[in-house]
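The values are calculated or read from the model by the stated rules, or taken from the named source; none is laboratory data. Remember, it's a predicted structure, so these values are computed and weren't measured experimentally. No Cβ is skipped: glycine too gets one built from the backbone with ideal geometry, and neighbour counts run over all protein chains shown. For accessibility, only protein heavy atoms count, side chains too; no ligands or nucleic acids. Shrake-Rupley method; radii C 1.70, N 1.55, O 1.52, S 1.80 Å.
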Amino acid sequence: MRISFDLDDTLICYQPDVPSETPPRWIWRCMVANEPLRQGARALMQGLRQRGWEVWIYTTSHRNPSSVWWWLWCHGIRVGRVINQHIHDRHLRRTVRDYPPSKNPRAFGIDLHVDDLEGVRDEGKTHGFRVVVVSPDDPTWTEKVLRVTREMEPRRVSHGN
Ligand SMILES: [Mg+2]
């Protein structure tokens, strides 16, 4: 199973009342922009990986994918691919007449996408992909994501007597 996370207002929240993870002191050595990583993200994303999920990033920003990858790596998080607006356009907007949705996780084999925008969930209904909407002011956001991922995981079959 593959899950993707949006960046702005999902994993990166600049609002002063949204708590963020403490970055390692040596993060400057990563040569990446030290943006705030929302509190809870590390445990959530590490836990998902341990349960067999492949974790990707899907953003409509133009941040450099390898910078995002290293920034998360510095926080102890390994992600698969980072899809930014440029990669999205190259994959889904081959001609000027193509008007794809703002995101299309299904086109990248992503089973579940986490985003702060209701509009992305609406696009999911139209284009057939699943979205969990979490708002920046929701302190229980990781539980919301965990609940949906658990529902989607195949049930373990018990062979006991
Ligand atoms: Mg966003």
| query | Alpha carbon centre of region 1-72 versus region 85-130: separation in Å? | reply | 20 Å
| said: Just the number please: accessible area per residue for the chain, 1.4 Å probe, all protein chains included, in Å². | reply: 58 Å²
| query | Per q in 0.14, 0.16, 0.19 1/Å, what log10 I(q)/I(0) does a Debye calculation on the alpha-carbon atoms of region 24-161 return? | reply | -0.74, -0.94, -1.26
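Using Stokes-Einstein with the Kirkwood hydrodynamic radius over Cα pairs, what translational diffusion coefficient do you get for region 1-95 at 25 °C and a viscosity of 0.890 mPa s, in µm²/s rounded to a whole number?
On the way: Rh = 13.9 Å.
Translational D for this selection: 177 µm²/s.
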| remark: Spelling it out for Val131: with amide H atoms placed in the peptide plane at 1.01 Å from N, the residues 5 or more places away or on another chain with amide H under 5 Å from its amide H are His113
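Mind ranking 8-20, 104-116 by how tightly packed they are, going by the mean number of other C-beta atoms within 10 angstrom, highest first? Don't skip to the answer; put the middle values down first.
Details: 8-20: 16.2, 104-116: 20.5.
Ranking, from highest mean packing down: 104-116, 8-20.
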| said: Using amide H atoms built in the peptide plane, which far-off residues or other-chain residues are under 5 Å from Asp116 H to H? | reply: Val134
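What is the chain's relative contact order, in percent, from Cα pairs under 8 angstrom and six or more apart in sequence? Let's see the in-between values first.
Details: 234 pairs, mean separation 40.4, N = 161.
Normalised by residue count, the contact order of the chain is 25 percent.
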| Using modelled backbone amide H atoms (1.01 Å from N, in-plane), which distant-in-sequence or interchain residues come within less than 5 Å of Asp9's amide H? | Tyr14
| task | Read phi for every residue in region 27-42 and hand back ³J(HN,Hα) as whole Hz from Karplus 6.51 cos²θ - 1.76 cosθ + 1.60, θ = phi - 60°, with x for Gly and Pro. | result | 4, 4, 5, 6, 6, 10, 5, 8, 8, x, 9, 4, 4, x, 5, 4
| field | Student exercise, region 2-152 dipole from Lys, Arg, Asp, Glu Cβ charges, in Debye to nearest 20 | value | 740 debye
